[in-house]
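Okay, structure first, notes after.
What follows is calculated from the coordinates using simple rules that are stated; it is not laboratory data. Given the structure is predicted, the values throughout are model-derived calculations rather than measurements. Cβ coordinates were reconstructed from backbone atoms using ideal geometry, including for glycine residues, and neighbour counts include every protein chain displayed.
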Amino acid sequence: MTDAPTFLAADHVSFTVPDLEAAIAFYTDTFGARELFRMGPLAASEIPAMPDGRDWMEAHVGVAGATLTLAMLALVDNLNLQLVQYDAPGDRNPVPPRNCDAGGHHLALRVDNVDKAAAYLAARGCTVQNIIEISEGPLAGKKNLYVRDPFGHSLEIVD
């Protein structure tokens, strides 16, 4: 049996977006994220195949025939956000999964005021759900809020 590595810290979360420039603008303007770097476009058709015949994208990111461009943003002090735009393959699904779907996910961000965040994010194109006010249990007195960014990604805002 192989020894387990030491897992050190979170590095980044990645969202696939339909329009990289618009997503960069949203996250930098709305959250104050800072762009660290960009890569691409990287096209499987332009990278030599692997020795086993698979294309580079299939071997490394699990998507045969992919063409992608990515940007890494410093989102908050302890987490980067990678935004990726795929231009191929043609059969990619343009709709992000719902929270209840297999592969469903969300990114949670802590704020100083959930009510203020709800109004702020709604004004910037997010779909804002109702605030959850927790009255009992280990999170009594806390508020949570689910929103969808303009690209359909689920975010949770917590205090």
statement: Taking Lys and Arg as +1 and Asp and Glu as -1, residues besides S135 with C-beta under 15 Å from its C-beta add up to -1
query: With each label point set 7 Å from Cα along the Cα-Cβ vector, what nm distance links L79 and H105?
result: 1.1 nm
query: In degrees between 0 and 90, to the nearest 10, how far off the longest principal axis of the chain does helix 114-123 point, with axes built from Cα atoms?
result: 60 degrees
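Between V158 and A119, 0.36 nm times their residue separation minus their Cα-Cα distance comes to what?
In short, 12.6 nm is gained.
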task: Please give the contour-minus-distance gain from A59 to A22: 0.36 nm per residue of separation, less the Cα-Cα distance, rounded to one decimal in nm.
output: 10.4 nm
- line: Which of (i) 1, 9, 19, 23, 24, 16, 6, 1, 0; (ii) 2, 8, 14, 17, 17, 15, 11, 8, 5, 3, 1, 0; (iii) 2, 9, 18, 22, 20, 15, 9, 4, 1, 0 is the computed P(r) over Cα pairs in 5 Å bins from 0, in percent? It is (ii)
task: Normalising by the residue count of the chain, find the relative contact order in percent from Cα pairs under 8 Å and 6+ residues apart.
output: 20 percent
query: In degrees, nearest 10, range 0 to 90: what is the angle between the Cα axis of helix 20-31 and the longest Cα principal axis of the chain?
result: 30 degrees
message: How far apart, in nanometres, would the label points at L42 and A4 be if each is projected 7 angstrom from Cα along the Cα-to-Cβ direction?
response: 2.9 nm
query: Please identify the trypsin sites (Lys or Arg not before Pro) of the stretch 22-108 that satisfy two criteria: DSSP loop assignment and at most 15 other Cβ atoms within 10 Å. Which are they?
result: R54, R92, R98
